[in-house]
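Let me begin by presenting the structure, written as structure tokens, before commenting on it.
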Amino acid sequence: RTCCLPDSRYARMDDPAFDVGGGVALITGANQGLGFELAKRIAHMPRVFKVVLACRNEQRANEAREKLQGLFADKSFEVVVMLVDTEDTTSCRDFGAKWTATVNAPVDLFLMNAGGMGGRDASDIMQPSGSTRIF
């Protein structure tokens, strides 16, 4: 519910001091749970004109987009679905290239919500790139 502002103050998302700026919000893991709830809160903000749902599962992401658009049918903003698997560095690089073609705007608010799946030992969670799927 709080956000660090540029001058190191904290503000609640419903505080007028919490300003997305130009209005492009990127939320990973936004198709359900906390990510979707954050998307609803962000979409409600007056200066937001684009909410990007970055998800692994296209079907669930599209369902979340339809639900979000239905909740805010009276507000003029765009909900964009983009696929990305944050556990896969190739997918992340591809996402960056797709961003330019799809959104082509700077990110004003980035909420990193995507989760990874753990395992019983390091070999279960270590990727070929050397990264892990949990943090």
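Right, residue 12: open to solvent by 60 Å² or more (accessible area, probe 1.4 Å) and at pLDDT below 80 or not? So residue 12 passes the test. When residues in region 69-82 are screened for being under 24 Å from residue 96 (Cα atoms) and either touching a helix residue (DSSP H, G or I) at 6+ places or on another chain (Cβ under 6 Å) or crowded, with 16+ Cβ neighbours inside 10 Å (or both), 5 of them pass. Counting only strands (runs of 3 or more DSSP E) that fall entirely inside region 27-117 and contain at least 2 residues that are more than 30 Å from residue 128 (Cα to Cα) and of a type outside the set (Ser, Thr, Tyr), the qualifying elements are 50-55, 78-83.
Selection of region 39-83 for residues being under 18 Å from residue 110 (Cα atoms), at pLDDT below 90 and not basic (Lys, Arg) yields 42, 43, 44, 45, 46, 48, 49, 77, 78.
Of all residues in region 53-68, which are open to solvent by 100 Å² or more (accessible area, probe 1.4 Å) and in contact (Cβ under 8 Å) with a residue 40 or more places away in the chain?
Restricting attention to region 53-68, the residues satisfying the condition of being open to solvent by 100 Å² or more (accessible area, probe 1.4 Å) are 56, 58-60, 66-67.
Hit for region 53-68 is 56, nothing else.
Within region 107-120, being exposed (fewer than 14 other Cβ atoms within 10 Å of the Cβ), farther than 12 Å from residue 51 by Cα and under 16 Å from the mean Cα position of the chain (by Cα) holds for one residue alone: 112.
The values are calculated or read from the model by the stated rules, or taken from the named source; none is laboratory data. None of these values were measured; they are calculated from a predicted model. No Cβ is skipped: glycine too gets one built from the backbone with ideal geometry, and neighbour counts run over all protein chains shown. What goes into the accessible areas is simple: the full protein's heavy atoms, side chains included, and nothing from ligands, DNA or RNA. Shrake-Rupley method; radii C 1.70, N 1.55, O 1.52, S 1.80 Å.
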